[in-house]
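Everything below concerns the one structure shown next.
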Amino acid sequence: MMTKKERVEAVVAGQQPECAPVSFWHHFAPNEIRGQAAIDAHLQHLEAYDLDFLKVMNDHLFPRGDVNVVETVEDLKKIKPLPGDTGELAGQLDLLRKLHDQLGEDILTCTTLFNPWATLRQMTKPPSDTHRPPKLNGEDERDDKLSELLQIDRAAVKAAIEAITETLTAFAAQCLAAGANGIFLSVRDDWVNRPANGPDTYDDILRPVDLRILEAASAGTFNILHICGRPQNFLAFAEYPVQVINWADRAAGPSIAYARDHVKRTVALAGGVDNLKTLPEGTPEDCADEVRDALRQAKDRPIVIAAGCTFDPTIVPPANLKAVVAAARNQTR
C-alpha cells in the first residue's frame with residue numbers, strides 16, 4: 001500500500017498508483033483564515049476526509065499599499081511592487097510554516113496564488129473576507145471597471161499588473177521557503193479577453209507575467225495550475241511549466257478525455273468532480289459515478305481526482321465528499 005505522498009508523486013511522475021489520489025478544497029469562514037484558527041481548519045479538513053494532499057487556501061488580503069480601492073487611472077499608478085512578506089502575506093507564510101511543522105514531509109502541500117489580473121480585479125472593490133465559488137456566467141462590475149481602465153490607459157493597467165507581479169513573484173519564492181511543496185496558481189482568461197478588451201489581451205498582458213510567477217516557483221515539485229472559469233485557450237495554459245493542471249472539466253470543459261489526448265504527458269491531470277452541481281445537489285452515488293467516469297476517461301493516464309474549483313461547504317453534504325474519496329480509493333488501477 002502506497003502512502004498518500006507516494007500516490008501523488010507517482011501521478012506527477014506519470015506512473016499509475018494503486019488508486020488515484022484525491023483532494024478538494026473550499027474557502028474557510030472569515031474567522032478561520034488567519035492564525036491558529038486557519039491552521040486548525042486546514043488540519044481538520046485534511047483529517048475529516050482523509051485527503052491525499054493539502055491545498056492551502058490563501059484568503060489573506062493582498063497588500064494594497066497606498067490605494068484602498070482601484071477606481072481611476074491615478075489609483076492604478078499608486079500600485080507599487082512590495083516585498084513578498086508585506087502585510088497579510090506574512091500571515092500566509094506563517095500558516096505555511098506551521099502547517100509544515102505539523103505535517104512534516106508526509107503530506108504534500110501547495111498554496112494558492114491568484115494571478116495579477118485576478119488580484120487587480122479584487123482591488124476594484126473594498127477588501128472582504130467573504131469568498132464563494134467563482135461564477136461561470138454573468139456580468140460583473142469588476143470586469144466592467146477593468147475594461148473601462150484599459151480603454152482609458154492600457155499602459156497604466158499594464159504597469160499595475162507589472163507591479164503586482166513583482167510582489168507575487170517574491171511571495172511565490174517565499175512560500176516554497178516556508179515549506180510549501182508548490183504553488184496553486186489560479187488563472188482565468190475569460191475575464192480578460194472580453195469583447196471590450198480584445199481577444200489578445202491575455203497573451204499581451206497576462207501570459208508573460210503568469211510565466212514569471214511560475215519561474216519564481218520553479219524549485220517547487222508540486223506546482224498546480226488552476227484554470228478557472230471557461231478557458232478560451234486551454235491548450236496554451238496546458239503548456240505552462242507545472243506538474244499538474246486542474247480545471248472544471250464538468251462545468252466548463254474541456255473533458256478529461258480531451259485533455260488526456262491533447263495535454264503533454266509530463267503534466268498530470270486533476271479533476272473529475274463537479275463542484276457547482278453534483279457536489280451540492282447530487283447524491284453520494286452521483287459523486288462516486290463522476291469519479292468512476294473520470295477514471296474511465298483518463299484510461300491509462302494517471303489522474304488526480306479533484307473538484308473543478310472550490311465548493312461551498314455550507315451546501316455540500318459531507319457524505320458527498322466522503323463518497324468521492326471512497327470511490328477513488330476503491331478503484332484500483
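Quick look at the values:
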| quantity | calculated |
| --- | --- |
| Folded to 0 to 90 degrees: helix 284-298 orientation relative to the chain principal axis, Cα | 80 |
| Sparse-neighbour loop sites [GluC sites (Glu not before Pro); region 86-140; at most 11 other C-beta within 10 Å; DSSP] | 105, 139 |
| Relative contact order for the chain, counting Cα pairs under 8 Å that sit 6 or more residues apart, in percent | 22 |
| Positive-pole candidate from 171, 193, 248, dipole of the chain, charges at beta carbon | 248 |
| 0 to 90° range, to nearest 10: angle between helix 207-216 axis and the chain longest Cα axis | 60 |
| MRE, 222 nm, helices only [DSSP H, n ≥ 4, -39500 (n - 2.57), over the chain, to nearest 500] | -13000 deg cm²/dmol |
| Residue-wise HN-Hα coupling along region 31-43, computed from phi with Karplus coefficients 6.51, -1.76, 1.60 (Hz; x: Gly, Pro) | 7, 10, 9, 9, x, 4, 4, 5, 4, 4, 5, 5, 5 |
| Residue order, fewest to most surrounding Cβ atoms within 10 angstrom, among 147, 23, 255 | 255, 147, 23 |
| Taking 218, 128 and counting other C-beta atoms within 10 Å, the order from fewest to most | 128, 218 |
| Residue pairs, from the table 4/98; 77/135; 125/145; 78/158; 77/158; 55/135, whose Cα atoms sit over 18 Å apart | 4/98; 77/135; 55/135 |
| Three-way shape label, region 115-186, alpha-carbon gyration tensor, a/c 1.5 | oblate |
| Cα-centred dipole magnitude for the chain, charges only on beta-carbon of K, R (+1) and D, E (-1), debye, nearest 20 | 520 |
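Every number here is computed from the coordinates shown, using simple stated rules; none is lab data. These numbers were taken from a predicted model, which means no experiment stands behind them. Please note: Cβ atoms are built from the backbone with ideal geometry, for glycine as well, and neighbour counts cover all protein chains shown.
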